[in-house]
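Down below is the structure, laid out as structure tokens.
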Amino acid sequence: MSQFTSLFFISFLAITALAQTPPPAVTSPSRPAASARPSALSSPLPSSSPTTEDLVNSLSQADLQAVVTLLKANFTDPDAITDTELNRATVEGLIMRLPRGVMLLPSKENAPAEGPSVFYSEVIGGHIGYVRVGSLNAANLQALNKSLSNFAVKNVNEIVVDLRASQITADLSLAAEFAKRFCPKGKTLFTLRKPTGRQDRVFSSDRDPAFRGLVMVLTDGDTVGAAEAIAAALRYYDKALVIGQTTAGRAAEYSDLLLPSGKILRVAVAEMVSPDGRPLFPEGIKPDLPVEMSMPDKQQIFQLSGEKGMGPFVYEGGRPHMNEAALLAGTNPEVEAAEAAQQRRGRAPEKPPAYDPVLQRALDVVTSLEVYQKR
């Protein structure tokens, strides 16, 4: 990306931040603000009470042992404080405290199988490429290669990479191939950092990128695992804006450990680190431009886009309005729409068509850049 575009990005983010920041309170220069003046009636606000988590975190090792001893000796129901119940409470507490790092699963035979998410792409507005990567598998990588080749033929210089339909994958080498299509050769894509004493695993690009234009990245809670590392690499090397919601925070390598009952204890045994050295687990990636969208709406759009494309779900539909044709015909679309709405009031409201505000925000940014650069 050019220096000019980078400066625009900084300006764009600054303007967005200012627009979301409330203006400071205006005070008279001749006297201090009301909150700064002492008053006999004013008193310090009471401090908020500590939460249970705060109290538990403040307990020393001696306190923790004393809690268990005192409970066993004094609690009204001794059967509730057996060693088995204490162990269950310990496991439950660890799972709650480490929600992305420790998971208890049913046996592999009973675990529901998750079908792969398919790849999808199109050209929006005649010049903006859109790719929904889907699962990070070989079939979708081949489809991505084909789409990027088609974009090159059509002189597509802006692309929106949608990572909101990714799934966890154990094949990190294959996952890195997706990032290689956008990141420079010879650079580190992400690192798998293991516990002290074990050698880290570095994933780097060994090929020239297939796309070199402007990149926008869409994320949310379904952006999980290696897809989070891909988003971080594109933001670092391509100066891509990340738009949407915070990622899943599961950019880690997991091991499934078999329990005697047949259940599975899934444990994060290594974490992924971005090219700038920042761990991606367990906080995930926060977007540069936060945009809220419900998961049901997103899933509905992704399901219907295979038939209708993304076009119908990009722009909000306009309401009926008076026009020249209506005047000549002696009709009024606004009145007709109001009458139709009146007739529907006795029935359950119709669900409005789904609309993708995350993708729309990305297209707005691309359009703004195009207009600005033509000045």
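Identify, from the list 156, 131, 161, the residue that is assigned by TED's automatic domain parsing to the domain that holds residue 255 and touching a Lys or Arg at 6+ places or on another chain (Cβ under 9 Å). Write out each step before concluding.
Details: 156 fails: touching a Lys or Arg at 6+ places or on another chain (Cβ under 9 Å); 131 fails: touching a Lys or Arg at 6+ places or on another chain (Cβ under 9 Å).
Answer to the selection: 161.
Does residue 225 qualify as being closer than 21 Å to residue 100 by Cα and surrounded by 24 or more Cβ atoms within 10 Å (Cβ to Cβ)? In short, yes.
Only residues that are under 30 Å from residue 280 (Cβ atoms) and not in a helix (DSSP H, G or I): list them for the range 67-105, please. Step through it out loud before you land on a result.
Within the range 67-105, the first condition is being under 30 Å from residue 280 (Cβ atoms), and the residues that meet it are 90-105.
Matches in the range 67-105: 98, 99, 100, 101, 102, 103, 104, 105.
Applying a threshold of 6 Å to beta carbon distances and a minimum spacing of six or more residues, or different chains, the list of pairs starting in the range 48-71 at a residue that is surrounded by fewer than 10 Cβ atoms within 10 Å (Cβ to Cβ) and ending at one that is not charged (D, E, K, R) is empty.
For (1) in contact with a strand residue (DSSP E or B) (Cβ under 8 Å, 6 or more places away or on another chain); (2) hydrophobic (A, V, I, L, M, F, W, C); (3) surrounded by 18 or more Cβ atoms within 10 Å (Cβ to Cβ); (4) modelled with pLDDT of 95 or more, each residue gets a yes or a no:
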| residue | (1), (2), (3), (4) |
| --- | --- |
| 240 | yes, yes, yes, yes |
| 248 | no, yes, yes, yes |
| 265 | yes, yes, no, yes |
| 275 | yes, no, yes, yes |
| 279 | yes, no, no, yes |
| 288 | yes, no, yes, yes |
| 304 | no, yes, no, no |
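The residues of the range 126-152 that are surrounded by 13 or more Cβ atoms within 10 Å (Cβ to Cβ) and assigned to a loop (DSSP other than H, G, I, E, B), listed by number, are 127, 133, 134, 135, 136, 137. Across the range 185-215, the qualifying residues are those that are of a type outside the set (Val, Ile, Thr) and touching a helix residue (DSSP H, G or I) at 6+ places or on another chain (Cβ under 6 Å), and the one among them that is surrounded by the fewest Cβ atoms within 10 Å (Cβ to Cβ) is 207. Touching a Ser or Thr at 6+ places or on another chain (Cβ under 9 Å), at pLDDT below 95 and surrounded by 17 or more Cβ atoms within 10 Å (Cβ to Cβ) - does that describe any residue in the range 153-172? Taking every residue of the range 153-172 in turn, at least one turns out to be touching a Ser or Thr at 6+ places or on another chain (Cβ under 9 Å), at pLDDT below 95 and surrounded by 17 or more Cβ atoms within 10 Å (Cβ to Cβ). Of the numbered criteria (1) over 14 Å from residue 103 (Cα atoms); (2) small (Gly, Ala, Ser); (3) in contact (Cβ under 8 Å) with a residue 12 or more places away in the chain, the one residue 277 fails is (3). Going through (1) in contact with a Pro (Cβ under 9 Å, 6 or more places away or on another chain); (2) closer than 30 Å to residue 294 by Cβ; (3) surrounded by fewer than 19 Cβ atoms within 10 Å (Cβ to Cβ) one by one, residue 254 falls short only on (1). When you look at residue 202, is it modelled with pLDDT of 95 or more and within 22 Å of the chain's Cα centre (by Cα), yes or no? Judged against the criteria, residue 202 is not a match.
Can you tell which of 116, 184 is free of Cβ contacts under 8 Å to residues at least 60 places away in the same chain and farther than 23 Å from residue 359 by Cβ? Show your work before the answer.
Details: 116 fails: farther than 23 Å from residue 359 by Cβ.
Of 116, 184, the one residue that is free of Cβ contacts under 8 Å to residues at least 60 places away in the same chain and farther than 23 Å from residue 359 by Cβ is 184.
Report every pair of residues separated by at least 6 positions or lying on different chains whose Cβ atoms are under 7 Å apart, first residue within the range 351-363 and over 13 Å from residue 162 (Cα atoms) and part of a loop (DSSP other than H, G, I, E, B), second among the acidic types (Asp, Glu) and at pLDDT below 75. Partner pairs satisfying both residue conditions: 355/316.
Per-residue answers, yes or no, for (1) in a loop (DSSP other than H, G, I, E, B); (2) of a type in the set (Phe, Trp, Tyr); (3) assigned by TED's automatic domain parsing to the domain that holds residue 91; (4) within 29 Å of residue 302 (Cβ to Cβ):
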position	(1), (2), (3), (4)
165	yes, no, no, yes
178	no, yes, no, yes
207	yes, no, no, no
229	no, no, no, yes
239	yes, no, no, yes
248	yes, no, no, yes
254	no, yes, no, yes
268	no, no, no, yes
272	no, no, no, yes
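The values are calculated or read from the model by the stated rules, or taken from the named source; none is laboratory data. It should be emphasised that the depicted structure is a prediction, and the values quoted were computed from it without experimental measurement. No Cβ is skipped: glycine too gets one built from the backbone with ideal geometry, and neighbour counts run over all protein chains shown.
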